[in-house]
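Structure first, commentary second.
Values quoted throughout were computed directly from the atomic coordinates according to the rules given, and no laboratory measurement underlies them. If you're wondering where the values come from, they're calculated on a predicted model, not measured in any experiment. Don't worry about glycine lacking a Cβ; one is built from the backbone with ideal geometry, like all the others, and counts go over all protein chains shown.
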């Protein structure tokens with residue numbers, strides 16, 4: 001009887017598998033956020049946001065963006081060697097970052113504008129290492145259609161993160177508690193994925209060797225050549241608000257923005273990411289065989305639009321009341337920020353899953369130009385707001401800039417999916 005209600009297509013079944021795991025993974029962090037906002041202050045959330053921003057920008061460098069090439073090759077032998085290359089680079093470059101922190105930690109903290117940052121800078125290279133390894137292993141699982149494995153890793157990560165952040169919050173150690181939770185959650189998910197690969201896919205792992213690693217490094221050198229810069233600008237665009245708000249306004253405003261981002265990103269993490277990973281796997285196969293994947297692209301954008309329209313409208317109308325009631329009066333301003341940024345998250349929900357077309361079609365140069373333009377507009381938005389001493393003006397300009405660029409992104413990804421690259 002139940003089988004009658006289950007989806008018939010493989011695409012839908014894969015999406016549901018990932019969504020189920022992602023829903024469980026997101027449920028706990030969202031559920032405990034009202035507790036965390038009463039344990040940690042906006043200023044402590046702001047410090048944590050700065051830490052996340054730094055790690056997110058640096059992780060673009062540590063893998064060389066080779067992990068994005070894992071889904072591209074026709075043969076698994078090449079893909080497993082790309083994974084090995086990406087993990088190897090994560091170790092080498094993260095160790096180099098650790099040496100830099102050991103030698104110049106105080107100077108770096110001074111440049112960032114806060115001596116308090118020096119106490120947790122040592123976690124940055126450790127975090128970039130586990131983030132780089134996680135991304136590499138996750139893309140391999142995506143290629144092999146191990147969706148249950150991917151979903152389980154997310155549940156382990158967010159569950160561990162939430163447990164540590166709650167327990168350390170009760171110890172009153174400030175933003176360090178949030179940082180420790182994030183690090184240990186990522187570490188546990190990496191251990192799970194690594195054990196799964198090396199215990200269950202020994203035949204594929206045995207094909208890893210230096211010769212093949214050098215071969216794929218050369219064959220897919222367009223990924224580091226273009227995507228380190230492109231995704232550096234992309235990550236800079238998404239993380240620069242935190243750094244700019246902290247330096248141009250206050251750390252507390254960064255904390256308010258982080259809460260807004262955390263809440264509004266939940267639908268993206270829950271639904272859009274799952275759809276995007278299945279789209280990436282199936283679109284890459286279809287594109288490799290036919291040179292286009294227009295049909296699956298249009299099917300995916302239709303699903304994303306139908307799923308997102310009504311929920312985002314409801315959030316837009318009631319965001320101020322929701323934030324004040326759920327997270328406490330100290331966080332009421334985050335509701336106003338969320339209303340300003342709602343169109344951004346609506347368009348991100350639709351466009352982000354489809355942006356993998358730039359990798360599938362190997363159109364990294366187009367992606368680079370788009371990322372540079374986006375980064376420029378974001379920085380100008382916050383500098384303009386600072387010039388007029390109006391943080392809300394900065395958010396309005398930021399929202400307009402992102403919406404414009406997401407619409408351009410959708411046009412470009414459709415163009416690529418149509419096989420006209």
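Some points to look at:
- Spatial offset of segment 388-421 relative to segment 195-230 amounts to 32 Å, using the alpha carbon center of each.
- Across the chain, the relative contact order, built from alpha-carbon pairs under 8 Å that are at least six residues apart, equals 22 percent.
- Relative contact order (%) - segment 222-421, alpha-carbon pairs under 8 angstrom, separation at least six: 32 percent
- Potential lengthening between residue 322 and residue 106 on full extension [0.36 nm per residue; Cα-Cα distance subtracted]: 73.7 nm
- For the options 317, 301, 87, a Gaussian network treatment of the chain with springs between C-alpha atoms closer than 10 Å singles out 317 as fluctuating the most.
- Residue-averaged [θ]222 nm for the chain, counting only DSSP H segments that reach four residues, each worth -39500 (n - 2.57): -27500 deg cm²/dmol
- Gain on full extension, evaluated as 0.36 nm per residue between residue 43 and residue 393 minus their Cα-Cα distance, stands at 123.9 nm.
- Separation of segment 288-345 from segment 66-97 is 32 Å, based on Cα centroids.
- Highest-first arrangement of 200-207, 186-193, 387-394, 408-415, where packing means the average Cβ count within 10 Å: 186-193, 408-415, 387-394, 200-207
- Label corresponding to Kirkwood radius over Cα pairs in Å when calculated from the structure given, among (i) 23.8; (ii) 23.1; (iii) 22.1: (iii)
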